[in-house]
Amino acid sequence: MSVLLDYGWSVVLIPLVLSVPVAVFGRALGRFMPVLAIFGPLWVLVYGIYALADDSAASSRAGSVEWLTVADAGGLSVGWAVDGLTAVMLVVVGVVAALVVMFSAGYMAGEQGLPRYYAALCLFTAAMSMLVVADGLLGLFIGWELVGACSYLLIGFWFTRPAAAKAAVKAFLTTRVGDVGLLLALALLWREVGDLSYAAVFAAAPALPASVVTAASLLLLVGAIGKSAQFPLQIWLPDAMEGPTPVSALIHAATMVAAGVFLIARAWPLFSLSSDALAVTLAVGGITAIGAAAAALVQTDIKRVLAYSTISQLGFMFAALGAGAWGAAMFHLVTHAAFKALLFLGSGSVIHESGSQELGQMGGLLRKMPITGVTWLIGAGALAGLPPLSGFFSKDEVLHDVAGVAPAWAAVLFGASLLTAFYIARTTRLAFFDSYRGSVHPHEGAWNMRVPLIILAAFAATLGFAATFLANSIGAHHGALDLAVAVGSTALALVGLAAGWIVAGRAHHDLAQTRWPGLVALMRSGWGADAFVERVVLTPVNATSRVLYSGADRRVIDAFVEGTASAARRMGRGLASLQSGDTQWYATMLGAGAVALLALVSYVGRGL
């Protein structure tokens with residue numbers, strides 16, 4: 001045990017190794033398959049708690065191996081290092097992943113392909129842990145790409161459904177756009193520094209030209225935008241809801257999408273040197289927070305409401321990063337992981353029992369599913385920012401820090417807070433109150449679906465009081481609660497909750513669609529982002545591809561290759577005609593050849 005605790009790669013190796021027997025012997029394990037799969041996340045959690053509790057050992061928790069050697073340019077190593085920021089993220093990954101595996105034991109019971117599902121969860125835990133414990137950008141990039149691959153596998157778990165398969169491909173390709181930016185940042189820093197370890201990059205950063213620092217920071221930001229579904233690369237996350245709901249809770253609410261925030265927080269000594277990069281980050285966060293919150297107002301699918309909510313809340317974190325408050329961003333990341341995972345698993349419980357994701361086919365579920373209902377209310381209150389729940393403290397710290405740097409963007413975030421309270425109140429009433437509108441008879445799920453909800457509800461209710469401990473653990477600043485911000489944000493939350501509740505209670509709960517159908521359709525589509533990409537990117541690329549295929553590929557490249565083959569065949573047929581089997585013909589050709597050879601020799605010899 002102590003040996004493993006001193007070896008940080010164990011948080012990667014144990015989940016990775018466990019994925020093999022889960023995949024190979026999963027069918028034989030039967031109902032014990034989730035029991036084996038949960039050991040990986042539990043070890044990540046244990047290690048994270050140990051690292052947080054034993055700060056004295058932080059300096060010894062590091063190691064690396066040589067990955068490759070570049071002639072005349074040194075070598076590249078992949079290593080691990082555990083500090084307070086890493087430990088906090090390991091705890092988040094371990095808690096959420098373990099509870100998702102437990103919840104899946106009930107939610108996914110009876111599904112086909114479960115060994116593949118649980119093996120992918122183990123692989124994802126290993127990949128996310130590698131991203132977190134890496135001691136440099138190279139190791140982070142390896143984990144970053146593996147996380148994207150696992151996301152593709154889990155979103156497309158039901159690959160026989162065309163929508164799920166398409167959503168998996170869309171998520172994979174969209175996040176790859178951001179990954180190109182991250183890869184270019186690595187190349188730039190390697191050229192300038194000659195090393196990709198955090199220690200070397202951060203030590204060299206103050207002496208680098210300002211243009212290099214800004215370029216590297218903006219390229220890192222592009223990677224973070226893609227992974228965290230920020231504007232303008234947010235289009236993949238709503239469609240990713242086609243995957244199993246526990247996957248949404250793990251990857252698309254608590255861990256993978258938070259990797260972008262973690263990346264900027266981890267690279268803060270570099271990122272903070274560029275005021276231009278900070279300004280862009282603040283703008284991206286503010287635009288995403290308000291735009292996604294507005295899109296969530298009119299969604300009719302409970303999971304798409306939460307998807308746009310996740311995009312919006314990540315926008316709050318990016319705005320905090322842009323304002324220089326990386327500690328506030330990490331604080332909100334931790335509380336958001338708790339209450340958003342709770343809401344996603346709560347929606348999974350509702351979907352599992354009601355058989356529908358549509359809010360129009362729910363209602364009155366608080367009476368039929370009291371544990372799910374009460375825990376949902378705690379998560380909804382935390383998301384809306386009601387005191388004394390966790391979201392109240394973390395969101396208010398973000399608002400306070402942004403207001404001190406950019407009051408205009410703080411006003412945008414206050415508006416997003418109002419919309420957040422509106423859409424979560426509307427969703428809550430449509431799903432859990434009034435009369436039931438479905439056709440089945442829902443009831444509370446099994447114990448393995450209830451226990452994760454209760455645990456996450458406890459975290460969602462209390463994590464706000466851990467702000468000082470969290471700030472001390474990661475070495476960030478934490479200020480006292482700003483009473484003016486707290487009162488203002490709470491008042492807005494109450495107004496938004498009341499408005500959302502009233503709108504949801506009307507006889508026609510989608511009344512806005514009849515008054516402003518064009519606007520509602522635009523908001524429901526995510527402000528037409530998919531249509532824009534279709535017109536501006538996909539249509540021109542497809543048209544260009546067709547022209548190149550019919551013109552350059554078929555008429556030039558294929559014609560050259562096929563023409564060469566055709567010429568060889570014709571030449572072969574011509575030469576084959578010489579092999580007639582006629583002795584007289586052979587004698588004639590031999591004589592003619594001899595005469596030609598003698599004539600050539602005579603001609604050449606005459607010139608000597």
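Just a few scattered comments:
- Note on Asp54: accessible area is roughly 40 Å² with a 1.4 Å probe, heavy atoms of protein only.
- Among the listed pairs Lys340/Lys368; Lys166/Lys340; Lys368/Lys395, a Cα-Cα separation exceeding 30 Å is found for Lys368/Lys395.
- The mean of 1/r over all distinct Cα pairs in region 116-157, once inverted, gives the Kirkwood hydrodynamic radius of 10.1 Å.
- Length released on extending from Val212 to Phe469, taking residue separation times 0.36 nm less the Cα-Cα span: 89.0 nm
- Descending Cα extents along the principal axes, region 528-571, whole Å: 59, 11, 7
- Note on region 340-403: Cα convex hull, mean projected area over all directions, 5.1 nm².
- Distance (nanometres) between label positions extended 7 Å along Cα→Cβ at Asp558 and Leu519: 5.2
- If you plug the beta carbon distance of Asp6 and Ser566 into 1/(1 + (r/R0)^6) with R0 = 60 Å, you get a FRET efficiency near 0.30.
- Given their separation in residues at 0.36 nm each and the Cα-Cα distance between them, Val20 and Val547 gain 185.2 nm when the chain is fully extended.
- With a cut-off of 17 Å on the backbone N, the residues of region 237-257 near the modelled label site 7 Å out from Arg116 along Cα-Cβ are 242-245, 247.
- Net charge over other residues, Cβ less than 13 angstrom from the Cβ of Met317 (K, R count +1; D, E count -1): +1
- Kirkwood-Stokes translational diffusion coefficient of region 433-516, alpha-carbon pairs, 37 °C, 0.692 mPa s, µm²/s: 185
- From the C-alpha gyration tensor of region 170-244, square roots of 5λ in Å: 30, 11, 9
- Heavy-atom accessible surface of the chain: percent carbon and sulfur, 1.4 Å: 69
- Solvent-accessible area per residue, Å², over the chain with all protein chains present [probe radius 1.4 Å]: 42
- Once the Cα-Cα distance is subtracted from the 0.36 nm per residue extended length, the Ser439 to Tyr586 segment shows a gain of 43.8 nm.
- Here the contact order of the chain, divided by its residue count and restricted to Cα pairs under 8 Å and six or more residues apart, works out to 12 percent.
The values are calculated or read from the model by the stated rules, or taken from the named source; none is laboratory data. Just so you know, these numbers come straight off a predicted model, no measurement behind them. Neighbour counts run over all protein chains shown; Cβ positions are idealised from the backbone, glycine included. Note: areas computed on protein heavy atoms with side chains; ligands, DNA, RNA excluded. Shrake-Rupley method; radii C 1.70, N 1.55, O 1.52, S 1.80 Å.
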